[in-house]
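Have a look at the structure below, then the notes.
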Amino acid sequence: MKLTAEQLQDNFNKLIKYIDTHFTGERKDQLLKLYTDHQERLMLMPASGNINYHNCFPGGYVDHVIRVMDMAIVVN
């Protein structure tokens, strides 16, 4: 899968919104700091370095985390 620069940014913004909405307290603050301090790197990071695993493409990590959070929200 190849994501455009706009899709990478949109996914990152969605992740930040999820963190802001679904976390509280110190955990929320630490997650927001981690993701904003390393935004560019995390936006481009694949979920895996092994081509045989899912989401091994630029932006795959954020895409994976969003999918996991989507499922967690549905289950709750």
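The values are calculated or read from the model by the stated rules, or taken from the named source; none is laboratory data. From a predicted model like this one, the values you see are computed outputs, not experimental measurements. Note: ideal-geometry Cβ built from the backbone for every residue, glycine included; neighbour counts use all protein chains shown. Each accessible area value is taken on the protein alone, full model and side chains, heavy atoms only, with ligands, DNA and RNA left out. Shrake-Rupley method; radii C 1.70, N 1.55, O 1.52, S 1.80 Å.
Data overview
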| read-out | value |
| --- | --- |
| Condition broken by Ile51, with the remaining ones in (1) assigned to a helix (DSSP H, G or I); (2) modelled with pLDDT under 95 satisfied | (1) |
| Matching option when the condition is acidic (Asp, Glu) and under 23 Å from Lys2 (Cα atoms), among Glu26, Glu40 | Glu40 |
| Hits in the range 23-53 - residues which are open to solvent by less than 70 Å² (accessible area, probe 1.4 Å) and more than 16 Å from the chain's Cα centre (by Cα) | Gly25, Asn50 |
| Subset tally (residues that are open to solvent by 100 Å² or more (accessible area, probe 1.4 Å) and without any contact (Cβ under 8 Å) to a residue 24 or more places away in the chain) for the range 1-22 | 2 |
| First in the range 47-69 and over 17 Å from Asp10 (Cβ atoms), second anywhere and part of a loop (DSSP other than H, G, I, E, B) and basic (Lys, Arg), Cβ under 8 Å, 6 or more apart | none |
| Residue in the range 58-71 that is at pLDDT 95 or above, assigned to a loop (DSSP other than H, G, I, E, B) and open to solvent by 40 Å² or more (accessible area, probe 1.4 Å) present | yes |
